[in-house]
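Structure first, then comments.
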Amino acid sequence: MMNLSRSVALISLFLLPLLTFSFSVDNPTDRRVLVLLDDLSLKSSHSIFFNTLKSRGFDLDFKLAEDSKLALQRYGQYLYDGLIIFAPSTERFGGSLDSKSIAEFVDSGRDLILSADTSASDLIRGIALECGVDFDEDSSAMVIDHSSFSVSDVDGDHTLIATDDLVESHAILGKTKIEAPVLFRGVAHSLNPTNNLVLKVLSASPSAYSANPSSKLSSPPQLTGSAISLVSVMQARNNARFVISGSLQLFSNRLLRSSVQKAGSPNKYEKSGNEQFVTELSKWVFHERGHLKAGSLVHHRVGETDEPAIYRIKDDLEFSVEILEWSGKSWEPYVADDMQVQFYMMSPYVLKTLSTDKKGLFHTSFKVPDVYGVFQFKVEYEKLGYTTLSLSKQIPVRPYRHNEYERFIPTAYPYYGACFTTMAGFFVFSFVYLYHK
């Protein structure tokens, strides 16, 4: 019996790497995603969104949020590389899953999509708060907008918002503009002003406010206008990505297929912008877009190809680095004009903008400063929607050796002239003094 147990344990250890879809630098989208639902009917009511993920190669594992066998890792290895939580009313996760384990999951560099609605529990609100997002404290409140609502809102309470206030970022929402308004029905949230990593991607109009639509206002609402965020994203310092939505219906087949006409606008669209919006957003959060990879930092003296172990002050050097971007299927050259390199010792002595050959190679050349010590080549790149790059390479810089100085210094020519003039004058004076009668 003991031998059998050992055999099972050994087989599990050998099979675990095959069952675990860990994040791959060479193929960032070859990943397995855990989808937590509070009702399995969401698999059919939100099937369009899930099918777009499956069509792009994601392996979705659907489970009830209260499943007693829930676990994110086994034998110290994570079983998933992404997590989708479509269980807003869940008060407590099953198995070994809790808010702490989700925080550790994210701290390990993995990604999260969290969606809430008016039934959002304290557990879901707490997870969102950890990400810098604070849902409206009033559990009965919804976003109401009497100016930017959908004319198809049959309830007449103007809670079906039609908004086109999207973040302007090709990295997050793609290069193809979302023409049709996005439909939203759900709860408002605000962003923590001390968290500079969280960002609105879908905002409410200035006329929106958060309140209970079934009762009259007795006091001014806490969240109004531009302070309301409908969908927010965050990229952590370890490049883990989050999407937090105040509407579960945002991802539903009903809103993805619905026609839309914004109040006060003559334009009617056969299909809302929801499908394009959630598809592009999911591409970003799961690193199908905006994911950068850097090669090694290459440097050498001008006219040489080998990397030296040490530079001398005032050497002319060339620096280059290759940057690639994942397109969802393959690595392609990244093109930008805002990447810089620092030649750094305590503070940057040289700061140069890198030129690009449009093939992913960024390069520049400069002269080593007239200061010796231990320097670093540093590339720190932070751009909206893109993974952060932090590259460095250390190199010492030495002064001139005693036999490397110039024999005659041009700036000293006046002193050389004065010296020889004095010598010539003394010779003429001596000659005249000795032989003059």
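The values are calculated or read from the model by the stated rules, or taken from the named source; none is laboratory data. Everything numeric in this text was worked out from a predicted model, so none of it was measured. Every residue, glycine as well, gets a Cβ built from its backbone with ideal geometry; the counts of neighbours run over all protein chains shown. Accessible surface is based on the protein model in full, side chains and every heavy atom, while ligands, DNA and RNA are left aside. Shrake-Rupley method; radii C 1.70, N 1.55, O 1.52, S 1.80 Å.
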Exercise. Pick from I113, I102: which is at pLDDT 90 or above, more than 30 Å from N212 (Cα to Cα), open to solvent by less than 10 Å² (accessible area, probe 1.4 Å) and not basic (K, R)?
Worked result: I102
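Condition check ((1) among the hydrophobic types (A, V, I, L, M, F, W, C); (2) open to solvent by 60 Å² or more (accessible area, probe 1.4 Å); (3) modelled with pLDDT of 95 or more) across all residues:
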{"site": "W326", "(1), (2), (3)": "yes, no, no"}
{"site": "Y334", "(1), (2), (3)": "no, no, no"}
{"site": "E406", "(1), (2), (3)": "no, yes, no"}
{"site": "T411", "(1), (2), (3)": "no, yes, no"}
Exercise. Among the residues of segment 261-277, is any farther than 30 Å from F343 by Cα, open to solvent by less than 30 Å² (accessible area, probe 1.4 Å) and of a type in the set (A, V, I, L, M, F, W, C)?
Worked result: yes
Problem set entry | Top-ranked residue of segment 199-218 - restricted to ones that are open to solvent by less than 20 Å² (accessible area, probe 1.4 Å) and within 19 Å of the chain's Cα centre (by Cα), ranked as farthest from I144 (Cα to Cα) | V201
Exercise. From the list A180, A171, which one is on the phi < 0 side of the Ramachandran plot, touching a residue at least 12 places away in the same chain (Cβ under 8 Å) and not in a loop (DSSP other than H, G, I, E, B)?
Worked result: A171
Exercise. Within segment 164-183, restricting attention to residues that are surrounded by 23 or more Cβ atoms within 10 Å (Cβ to Cβ) and of a type in the set (V, I, T), which residue is farthest from N267 (Cα to Cα)?
Worked result: I172
For this session: For segment 381-411, enumerate the residues that are closer than 24 Å to F343 by Cβ and among the hydrophobic types (A, V, I, L, M, F, W, C).
Result: L389, L391, I395, V397
Problem set entry | Cβ-Cβ under 6 Å pairs, at least 6 apart or on other chains, segment 260-288 side among the polar types (S, T, N, Q), far side surrounded by 14 or more Cβ atoms within 10 Å (Cβ to Cβ) and at pLDDT below 90 | Q261/V151
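Is it the case that some residue within segment 30-45 is among the basic types (K, R), under 16 Å from V285 (Cβ atoms) and in contact with a strand residue (DSSP E or B) (Cβ under 9 Å, 6 or more places away or on another chain)?
Residues of segment 30-45 among the basic types (K, R): 31-32, 43.
Then drop every residue that is not under 16 Å from V285 (Cβ atoms), which leaves 31-32.
Keeping just the survivors that are in contact with a strand residue (DSSP E or B) (Cβ under 9 Å, 6 or more places away or on another chain) gives 31-32.
Scanning segment 30-45 turns up at least one residue that is among the basic types (K, R), under 16 Å from V285 (Cβ atoms) and in contact with a strand residue (DSSP E or B) (Cβ under 9 Å, 6 or more places away or on another chain).
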Problem set entry | Flag for V371 being more than 35 Å from the chain's Cα centre (by Cα), open to solvent by less than 60 Å² (accessible area, probe 1.4 Å) and assigned by the TED database to the domain that holds A336 | yes
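Can you pull out every residue in segment 44-100 that is among the aromatic types (F, W, Y) and either over 22 Å from R31 (Cα atoms) or without any contact (Cβ under 8 Å) to a residue 12 or more places away in the chain (or both)? Let's see the steps before the verdict.
Our first condition is that a residue be among the aromatic types (F, W, Y); within segment 44-100, this holds for 49-50, 58, 62, 75, 78, 80, 86, 93.
The answer is F93, and nothing else.
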